[in-house]
1. Checking the condition at pLDDT 95 or above and at positive phi, which residue from Gly274, Gly300, Gly286 passes?
2. Count, please, the residues in segment 257-270 that happen to be of a type outside the set (A, V, I, L, M, F, W, C) and touching a Leu at 6+ places or on another chain (Cβ under 8 Å).
3. Does Glu85 satisfy being surrounded by fewer than 22 Cβ atoms within 10 Å (Cβ to Cβ), charged (D, E, K, R) and touching a Phe, Trp or Tyr at 6+ places or on another chain (Cβ under 7 Å)?
4. Which residues, counting only those in segment 222-246, are small (Gly, Ala, Ser) and surrounded by 19 or more Cβ atoms within 10 Å (Cβ to Cβ)?
5. Would you point out the residue of segment 283-315, among those that are touching a helix residue (DSSP H, G or I) at 6+ places or on another chain (Cβ under 6 Å) and assigned to a strand (DSSP E or B), that is surrounded by the most Cβ atoms within 10 Å (Cβ to Cβ)?
6. Residues being over 19 Å from Val233 (Cβ atoms) and crowded, with 17+ Cβ neighbours inside 10 Å: count how many of those fall in segment 19-40.
7. Limited to segment 212-232, what total is found for residues that are touching a Leu at 6+ places or on another chain (Cβ under 7 Å) and either small (Gly, Ala, Ser) or outside any strand (DSSP E or B) (or both)?
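The values are calculated or read from the model by the stated rules, or taken from the named source; none is laboratory data. Predicted model only: the values in this text are computed from it and were never measured. When we count neighbours, we look across all protein chains shown, and the Cβ atoms used for this are built from the backbone with ideal geometry, even at glycine.
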Amino acid sequence: MDVRLYTGKNDFLPDPDFRPFLYLTSGHLTTQTTDTIHAFRLIRRNGEQVIALFQCVEKPGNIWESPANAPFGGIQCDVDCQKSELAFFLDCIKNWVTFRSGKKLVIKTAPSCYNPTLNNLLHISYLNTGFVPIQANLNSFISVNSTDFYSKIRPAEKRRIKKAAIAGFKAGLANEISSTAVFEFLTKCRIQKNYRMSLTLPQIDSLRQRFPDNYLVFTVMEGSKIIALTLTVRVNDRILYNFLCGDLQEYCVFSPLVTLMESVYQYCQQEKIGILDLGISLDQDGNHKPSLNRFKKNIGGQDCMKLTYEINLQD
């Protein structure tokens, strides 16, 4: 086994033997930060196979974090990766960060629903190498299959979909909408609910231009007026993440987000996407928000875990 480290924009990152999640690709990493990203690759020497990858950045106070700035980071590995190989990989990473005077390494991982089998393997590997979970969030997702969205949702949500249909609202993919319109609408919705906007207009525009097949916009329209909108992310060929969404407060009686999610779900069916990730449910202070989690369950959501691990390297 061999672990190789790549840093700097000019370093060529070898492709792994598996398809990495969008946030872990070299292209997306360069959008996350202007700081130096340290990219590790675990390689089987006999075939020069890249079987696992990991990235991290240094933060103030000798704290190291993965990801730099994304919903998750951590290790992604091939399906045949062994516990011993992952233990070797993590020990090498820990030793290197310690050598760089790192005091702590914090790893925010993907929702367990993305790949339950590999998630369990990675969870055991983190624990066996000294990491401890410091945060556990409930992450909601909808399993997309041949069952239609309407059959998955609660009676109250069915009534809202009917009400929106009677009102003549139209929902669907709307990638033609400008990034300025996307940003202004989402900012307005978040201000109404006392949430901060997590991306700037230049960031949204850059991501949509750089990854046009991954950052997809869906809307609910009343005529030419946007009343609900979501910016989604195609994390890989089988996962779509409902990243940033909002609806106008004056239309709350129609709950247009339900109609919006029906449209997104139907898109997933058409594209053979198996998981619609609804994300974690937090309030404006970063605490669990039961009402938001309940809404996600009302539209067919299930819960899985999304863990953050930490290890103190100076103990």
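1. Gly300
2. Here the count works out to 3.
3. Working: surrounded by fewer than 22 Cβ atoms within 10 Å (Cβ to Cβ): yes; charged (D, E, K, R): yes; touching a Phe, Trp or Tyr at 6+ places or on another chain (Cβ under 7 Å): no.
In short, no.
4. Start the filter on segment 222-246 by keeping residues that are small (Gly, Ala, Ser), which leaves 223-224, 228, 246.
Answer for segment 222-246, where residues must be small (Gly, Ala, Ser) and surrounded by 19 or more Cβ atoms within 10 Å (Cβ to Cβ): Ala228, Gly246.
5. Keep residues of segment 283-315 that are touching a helix residue (DSSP H, G or I) at 6+ places or on another chain (Cβ under 6 Å), which gives 298-300, 304-305, 309, 313.
Okay, now just the ones that are also assigned to a strand (DSSP E or B), so 304-305, 309.
Numbers: Cys304: 18, Met305: 15, Tyr309: 22.
Among those that are touching a helix residue (DSSP H, G or I) at 6+ places or on another chain (Cβ under 6 Å) and assigned to a strand (DSSP E or B), it is Tyr309.
6. So the count comes out to 4.
7. Here the count works out to 2.
Matching residues to (1) touching a residue at least 24 places away in the same chain (Cβ under 8 Å); (2) more than 21 Å from Pro256 (Cα to Cα); (3) in a helix (DSSP H, G or I):
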| residue | (1), (2), (3) |
| --- | --- |
| Leu122 | yes, yes, yes |
| Tyr126 | yes, yes, yes |
| Ser151 | no, no, yes |
| Arg159 | no, no, yes |
| Ala171 | yes, no, no |
| Asn194 | yes, no, no |
| Leu199 | yes, yes, no |
